[in-house]
1. The chain: D in µm²/s via Stokes-Einstein (Kirkwood Rh, Cα pairs, 4 °C, 1.567 mPa s)?
2. When the accessible area of the chain is split by element with a 1.4 Å probe, what percent falls to carbon and sulfur?
3. Considering amide H positions built from the backbone, and no H for Pro or chain starts, which residues 5 or more places from Leu55, or on another chain, come under 5 Å of its amide H?
4. Would you mind checking Lys223/Lys258; Lys103/Lys207; Lys43/Lys258; Lys43/Lys63 for any pair whose Cα atoms are more than 22 angstrom apart?
5. Could you tell me the accessible area of Trp211 in Å² (1.4 Å probe, neighbours in place), rounded to the nearest ten?
6. What is the Cα convex hull volume of the stretch 1-155 when expressed per residue in Å³?
7. Just how large is the dipole of the stretch 124-241 about the Cα centre, in debye to the nearest 20, putting +1 at every Lys and Arg Cβ and -1 at every Asp and Glu Cβ?
8. Trypsin sites (Lys or Arg not before Pro) within the stretch 46-150: which are DSSP loop residues with at most 12 other Cβ atoms inside 10 Å?
Amino acid sequence: MIKRSKSEHVFSVFNTIILFILMLLCAYPMFYVLCASFSDPMKLMAHDGFLFKPLGFDLNAYKTVLANPELYTGYGNTILYVVAGAALNMIMTLLGGFCLSRKNLLWKNTIMLIFAFTMYFGGGLIPTYLIVESLGLVNSRWSMIIIGCVSTYNMIIMRTAIYGIPDSIEEAAEIDGAGHLTVLWRIVAPLCKPTIAVLALFYIFGKWNDWFNPMIYLRDRSKYPLQTFLRELLIIENTTNAADEAALRDTANLNMSKYVIQYCTIIVSTTPILCVYPFLQKYFASGVMVGAVKG
């Protein structure tokens with residue numbers, strides 16, 4: 001073992017303390033929501049300050065949330081958008097990164113400059129909406145899948161990861177008669193598995209948490225993803241319309257605090273995506289480093 005100096009020990013302890021504090025700051029809000037979702041509404045409303053355990057134990061809020069048919073409609077739509085959208089994202093990102101990594105690509109620097117330009121300058125919401133409308137994608141599920149199908153930043157990471165693959169491996173495959181697609185799917189993709197896993201995680205999280213695009217481009221509630229329904233529930237507390245409040249009481253059958261309903265909805269909507277992360281977490285550090293450092 002390498003003997004560390006006293007200053008290195010002090011730095012390690014200080015760094016551990018800082019990271020532990022940051023972890024608490026990130027984890028406690030979710031822990032608070034979890035405890036509040038199982039709490040008795042009256043006790044929760046009377047409570048002030050930190051919360052470290054449920055106040056009482058009440059499952060009526062979960063029963064109310066799970067009885068709402070829009071929850072399952074949102075889940076179905078979200079799963080569709082995540083699976084189809086993330087798959088398209090990864091295919092386009094992998095193809096773009098592979099093409100831009102070719103050393104003999106004509107006008108490669110110019111094409112890369114055009115892609116990089118989009119990272120700093122965009123047309124804005126109105127021109128984007130007009131283009132989507134002209135393509136007939138307004139109020140279509142395809143708008144949730146196609147819009148933003150490539151992230152320039154992620155494509156650059158993919159290109160850099162492919163740069164790190166030795167040329168000799170690809171040259172050996174080409175000598176054996178492999179074409180570009182064979183090299184991509186049989187050699188490049190398996191060797192870039194950590195980077196692909198990390199970028200897939202980014203795309204999945206982005207699709208799962210997307211509520212703005214559905215709010216802009218979708219009109220039919222049967223096509224809304226889960227996050228759009230969640231947003232409506234979370235902002236209902238700011239609604240002053242008495243008719244809306246009455247409708248909320250009828251649909252949610254509320255003899256309980258609306259805040260507990262909101263906490264339950266947050267837990268129900270975030271639990272699936274939290275269960276996915278551990279399966280990809282092992283690729284996270286290596287994938288980011290492989291795609292971010294060339295050499």
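1. 57
2. Reported share for carbon and sulfur atoms: 68 percent.
3. For Leu55, the qualifying residues are Ser39, Asp40.
4. Lys223/Lys258; Lys103/Lys207
5. Accessible surface of Trp211 is approximately 100 Å².
6. 288
7. In total the dipole reaches around 480 debye.
8. Lys103
The values are calculated or read from the model by the stated rules, or taken from the named source; none is laboratory data. As the structure is a computational prediction, the values presented were derived from the model and not from experiment. All Cβ positions, even for glycine, are placed from backbone atoms using ideal geometry, and neighbour counts span all protein chains on display. Areas reflect the complete protein model, heavy atoms only, side chains present, ligands, DNA and RNA absent. Shrake-Rupley method; radii C 1.70, N 1.55, O 1.52, S 1.80 Å.
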